[in-house]
Amino acid sequence: FFRVRLPPASHSPAVGAEAHRLRAPLWDWTRGGMVQRRVDALLCSREDAKSKVEAVVDGIQIQADQAQAAVEEGMNRILKLLQERKQALLVQVSDTAQRKAQSLQKQLAAIEAGTAKPAAPEDPDAAVDPNTFLLCTDEVLLFTSKLEELEGHIRSFGSVLESSTYASYSVARGPAVDEAMKKEVPSFVWVYANDLNQVQRKEGGETVAFNFSSPEDFEFSVEDMADGRYKVNVSPKAQGDFSLRIGLGPDGEEIMGSPFSLSVLPPPNYTKIGVDRLGGASMPWVSEPMCHPSGLCFDRTGRYVVIADQSNDRLQVFDASSSTPESICAFGRKGQKAGEFDTPGYVAIDREDRVFVSDILNHRIQVLSFNPKSKSLWPIRTFGGKGRGFGEFQFPRGLAFTENGNLIVCDHGNGRVQLFDMNNGFKFVKCLEAPEPLAPLDVALNRDGEILVSDQTNRIHVFDSQGLYSRSFGKKGTKDGMFNYPVSISVDDMNMLFVCDQGNRRMQILNAADGAFVHKWGGWKRQAEGEGGDEGEEGASPPASPEPPDPDAGDEWVGLHRPAGVAVNSQGQILVSDWKRHYIFKY
């Protein structure tokens with residue numbers, strides 16, 4: 001096992017009722033003994049509630065007495081240090097005064113004896129006056145201090161805490177535990193230290209313990225964010241199935257969900273994607289009726305995918321692990337109320353199973369909650385509205401999340417990208433600024449935390465993790481690495497950028513770090529014998545409003561025709577929506 005205590009460098013979901021039942025003590029996997037969960041000491045029945053309350057009240061008084069004693073001890077220590085500093089300063093004043101006076105007396109004796117060096121004239125061309133002297137020091141002896149700064153420190157010194165970390169209410173979220181990892185590819189997991197009310201702590205400094213089932217197959221490091229979060233960077237060295245135990249506190253009590261199952265897969269071969277014209281590459285994955293499917297996104301587990309069924313003004317949810325995918329949930333209808341849509345476009349799902357949807361013609365963002373157990377969606381809130389002010393939108397498109405809890409929105413009609421703080425009521429944070437006008441379509445983050453924005457000008461703009469412009473790549477064309485309306489983008493755990501190159505009727509894979517071309521695939525037009533192809537034919541940008549289905553498109557075209565959205569999970573599944581053919585393709 002590994003135990004890490006670091007000096008300091010979201011609110012988590014509520015715990016279900018079943019988690020409040022009494023549970024047997026946990027095995028202390030760090031010491032070979034038994035660990036009683038802290039929360040169990042607070043669980044009571046109607047019969048023993050009085051005795052439990054009395055015991056806690058007594059404990060409160062004991063800790064209050066200890067805290068008061070600690071306050072006295074701390075303040076006395078400060079007073080002692082201040083008194084010691086006072087004496088040191090008084091001695092320094094006295095010594096300095098004596099030294100300066102002695103220097104003057106020594107100079108006076110030299111002047112009277114005629115051995116003192118005369119002062120240099122201010123005019124460099126003037127002769128030295130042997131009877132003019134410059135005293136070696138003056139009378140200045142002052143005490144200075146940063147009193148205001150010290151007063152601020154004194155007034156804010158110390159704090160009284162009334163909560164602490166409860167491991168059984170603390171959680172871990174991140175690709176290392178939610179998704180499959182790849183051998184030799186760094187991943188990470190966030191550990192959130194929560195209190196008794198299941199609210200994230202605001203301080204760091206906890207003892208964090210880790211136990212990999214095969215320690216020699218993993219390298220890891222821990223960062224204390226000093227706000228109740230601990231980022232564990234994990235690098236697997238072997239493929240296979242493993243387990244990870246995570247504990248918090250001096251006794252290493254395990255957090256909620258521990259032990260976690262870890263899956264490590266070999267890296268994928270991207271050059272094989274979509275190349276089989278005789279097999280699944282030309283066959284749709286979903287046979288459910290859709291009309292212009294657009295954005296889609298996997299949930300944090302990579303099992304469920306939420307699809308914007310655009311012209312039906314609804315969302316559909318599918319189980320990607322099923323061999324015969326069927327819609328397990330359909331939600332929404334045309335309208336302007338919460339839970340109603342007018343052309344839902346892009347979808348993003350955070351690690352709390354909140355589903356964010358750009359409601360394009362309602363000029364707003366809708367937030368829904370997805371419950372994997374009940375396989376249901378329900379609306380939480382909406383924000384935005386048509387306008388040009390901060391927090392307002394015109395035809396919002398792509399969505400993404402930053403590591404520090406910001407929601408990124410491509411405000412297409414206003415030619416800007418807005419950021420909002422999801423932990424502070426979706427308060428406006430900033431707009432991304434680029435050296436050229438923006439017409440943003442979609443947004444994704446690479447493994448370095450850089451923000452990638454696909455643009456209607458057939459460019460991919462890159463901003464650093466702070467939102468500052470870094471570089472751009474791509475231009476209009478049909479060659480590798482060129483685009484014709486890059487309508488949707490996604491980055492996988494290998495830092496590969498998937499681009500729906502819609503006008504070129506193809507998908508492209510690029511390196512998300514430098515934009516280098518990796519692979520491409522797409523559909524093709526059926527040709528009569530001897531007929532020339534339309535390779536390189538450039539398609540137009542999608543219409544401003546949905547067009548009716550083209551009944552002939554399926555007879556002329558095989559496979560992917562007009563990619564509109566792409567989602568990739570850690571298992572290597574790639575789903576692409578075809579806006580023209582009303583299909584979802586799986587690769």
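Miscellaneous remarks
- The share of accessible area on the chain that comes from carbon and sulfur is 52 percent, using a 1.4 angstrom probe.
- Averaging the Cα positions of each part gives two centres, and for segment 44-74 and segment 378-433 these lie 46 Å apart.
- When restricted to Cα atoms, segment 436-513 yields an Rg and a Dmax of 11.4, 34 Å, respectively.
- Cα principal axis extents for segment 339-443, largest first, Å: 47, 30, 20
- Centroid-to-centroid, using Cα positions, segment 141-184 and segment 91-113 are 51 Å apart.
- Sites Gln87 and Asn404 - FRET efficiency at Förster radius 30 Å, r taken between beta-carbons, to 0.05: 0.05
- Taking packing as the residue-averaged number of other Cβ atoms within 10 angstrom, the listed peptides 236-249, 314-327 run from highest to lowest as 236-249, 314-327.
- Across segment 247-384, the fraction of Cα-Cα pairs farther apart than 23 Å, rounded to a whole number, is 46%.
- 21 Å Cα-Cα threshold exceeded, pairs from Lys272/Lys479; Lys231/Lys373; Lys475/Lys525: Lys231/Lys373; Lys475/Lys525
- Segment 178-271: proportion of alpha-carbon pairs further apart than 19 angstrom, %: 43
- Test item: Cα-centred dipole of segment 125-216, Lys/Arg +1 and Asp/Glu -1 on Cβ, debye: 800
- Length-normalised contact order for segment 311-422 - Cα pairs under 8 Å, 6+ apart - percent: 16
- Shape index of segment 52-192: Rg/Rh, with Rg the Cα radius of gyration and Rh the Kirkwood radius from the inverse mean 1/r over Cα pairs, equals 1.39.
- Taking every alpha-carbon pair within segment 150-223, the share separated by more than 19 Å comes to 52 percent.
- For a straight C-alpha distance cut-off of 20 angstrom, the lysines reachable from Lys386 (same-chain residues fewer than eight places away being disregarded) are Lys334, Lys337, Lys427, Lys430.
- Cα-based Rg / Dmax (Å) for the chain: 33.3, 121
- Scoring 266-272, 121-127, 456-462 by mean Cβ neighbours within 10 Å over their residues and listing the highest first yields 456-462, 266-272, 121-127.
- The ratio of the alpha-carbon radius of gyration of segment 235-326 to the globular-protein estimate 2.2 N^0.38 Å is 1.57.
- Stokes-Einstein diffusion of segment 50-107 at 10 °C, 1.306 mPa s viscosity, Kirkwood radius from Cα pairs, rounded to a whole number: 102 µm²/s.
- Relative contact order for segment 173-258, counting Cα pairs under 8 Å that sit 6 or more residues apart, in percent: 32
The values are calculated or read from the model by the stated rules, or taken from the named source; none is laboratory data. Predicted, not measured: the structure shown is a model, and the values here were computed from it. Ideal geometry is used to build each Cβ from the backbone, glycine not excepted, and the neighbour counts take in all protein chains shown. Protein only, heavy atoms only, side chains kept; ligands, DNA and RNA dropped before computing areas. Shrake-Rupley method; radii C 1.70, N 1.55, O 1.52, S 1.80 Å.
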